[in-house]
Amino acid sequence: NVPGVVECLKIITRTKSLRIADFAFQTARKHGRRRITALVSRPQQFDMMVMPNLYGNVVSNVCAGLVGGPGLVPGANYGDDYALFET
């Protein structure tokens, strides 16, 4: 335990990881994308990326900052039965 430091444990299961990867590949095929990449240092070189939620939020916020702020960039979260869209 270190003062001023917060620890958290991210639990990522094989089942849920495969579900996300399968959805990513289906989406890529549906939209004619050629490749899917996970956690890269130069994301601008790729069509589509797959990553855990926290990293997706970080990338989304950085990109929003590049174009003027989070109010200008919409978001979409897809599930099996529902989708949530936000601005």
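The values are calculated or read from the model by the stated rules, or taken from the named source; none is laboratory data. These numbers come from a predicted model, not from an experiment. Glycine gets a Cβ as well: all are built from the backbone with ideal geometry, and neighbour counts include every protein chain shown.
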Hits in the range 33-44 (condition: exposed (fewer than 14 other Cβ atoms within 10 Å of the Cβ) and modelled with pLDDT of 80 or more): R34, R35
The range 1-18 residues that are more than 19 Å from Y55 (Cβ to Cβ), paired with ones that are acidic (D, E) and part of a loop (DSSP other than H, G, I, E, B) (beta carbon under 9 Å, 6 or more apart): N1/E7
Selected residue (criterion: surrounded by the fewest Cβ atoms within 10 Å (Cβ to Cβ)) from residues of the range 45-56 that are in a loop (DSSP other than H, G, I, E, B) and touching a helix residue (DSSP H, G or I) at 6+ places or on another chain (Cβ under 8 Å): D47
Lone qualifier among V2, V40, V6 - being in contact with a strand residue (DSSP E or B) (Cβ under 8 Å, 6 or more places away or on another chain) and part of a loop (DSSP other than H, G, I, E, B): V40
Pair list, Cβ < 7 Å and 6+ apart or interchain, from the range 20-41 residues that are closer than 18 Å to V59 by Cα and in contact (Cβ under 8 Å) with a residue 40 or more places away in the chain to residues that are surrounded by 10 or more Cβ atoms within 10 Å (Cβ to Cβ) and among the hydroxyl-bearing types (S, T, Y): none
